[in-house]
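The values are calculated or read from the model by the stated rules, or taken from the named source; none is laboratory data. Here the structure is a predicted model, which means the values were calculated and not measured. No Cβ is skipped: glycine too gets one built from the backbone with ideal geometry, and neighbour counts run over all protein chains shown. Only protein heavy atoms, including side chains, enter the accessible area calculation; ligands, DNA and RNA are left aside. Shrake-Rupley method; radii C 1.70, N 1.55, O 1.52, S 1.80 Å.
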Amino acid sequence: MNTTILRKSVLGIAGLAFAGGLAAGPLHHATTTDTGTGDARPVAAAQADKTAGVDAGKLIPHGVQGAQSRIDLDAEQTTNAKAIIAATKKTGLDERAAVISIGTALQESKLQNLGHLGDRNDHDSLGLFQQRPSSGWGTPEQITDPQYATTAFLKGLKQVDGWQDMPLTDAAQTVQVSAYPDAYAQWEQQAADLVTQHWNNS
């Protein structure tokens, strides 16, 4: 089935409307170390502070599915990962929601806040999550704002019954309605690593 038709069939006028009564409105393996911060403690101690309070059991509750991919992130991509984490925390959701969000953005945009790419674009998809103005996600300006885009994604996720216990790729696909529903799975480990690294400083 044409993905445009499929998406339009499950998206409503006021925002996203998922089949079955679900409705919602419209990581890199970071190998960085803290330098120049004045922290004279051993790196391991400094890292322990950053990861303290992260509930590791929530990150990947059932283990990863399939082979995992990993990319090196530049400063902009890392900033976008931190923005996703900050928006997740602002909505009151936990580390698992951040893992799903970052894993989704890794697949959709490699954590790049993409503008319109012309013929290389999927219709009018924009931003970290490749959300579409024509499908009710928001205006182009909103969708390319990482906080707005993450919040919009999470609104959809919260409408998915049992998302906390789903494999990442299933939870992401229910919100995104992608033509490649299994592709999200490959980013779960890197997403979890990014959440572990940045949860307490985002």
Modelling each spin label as a point 7 Å along the Cα-to-Cβ direction, I'd like the GLN164/ASP55 distance in nm, to one decimal.
0.6
Leaving out ligands and nucleic acids, note down the accessible area per residue over segment 106-202 with a 1.4 angstrom probe, in whole Å².
40
Which net charge results when you count Lys and Arg as +1 and Asp and Glu as -1 among the other residues whose beta-carbon is under 11 Å from that of GLN112?
-2
Which pairs break 18 Å Cα to Cα here: LYS90/LYS158; LYS82/LYS158; LYS90/LYS155; LYS90/LYS110; LYS58/LYS158?
LYS82/LYS158; LYS90/LYS110
With the contact rule set at Cα under 8 Å and sequence spacing of 6 or more, what percent relative contact order holds for segment 137-202?
20
List the chymotrypsin sites (Phe, Trp or Tyr not before Pro) within segment 120-177 that fall in a DSSP loop (any state other than H, G, I, E or B) and whose Cβ has at most 14 other Cβ atoms within 10 Å.
none
Using a 1.4 Å probe on the protein heavy atoms, what percent of the accessible area of segment 88-202 belongs to carbon and sulfur?
47
Once the Cα gyration tensor of segment 56-189 is diagonalised, semi-axes √(5λ) in Å:
21, 16, 15
Could you check the spin-label model distance between GLN112 and ASP72? Points 7 Å from the Cα along Cα→Cβ, value in nm.
1.6
Euclidean distance between Cα centres, segment 151-167 to segment 59-92, Å:
15
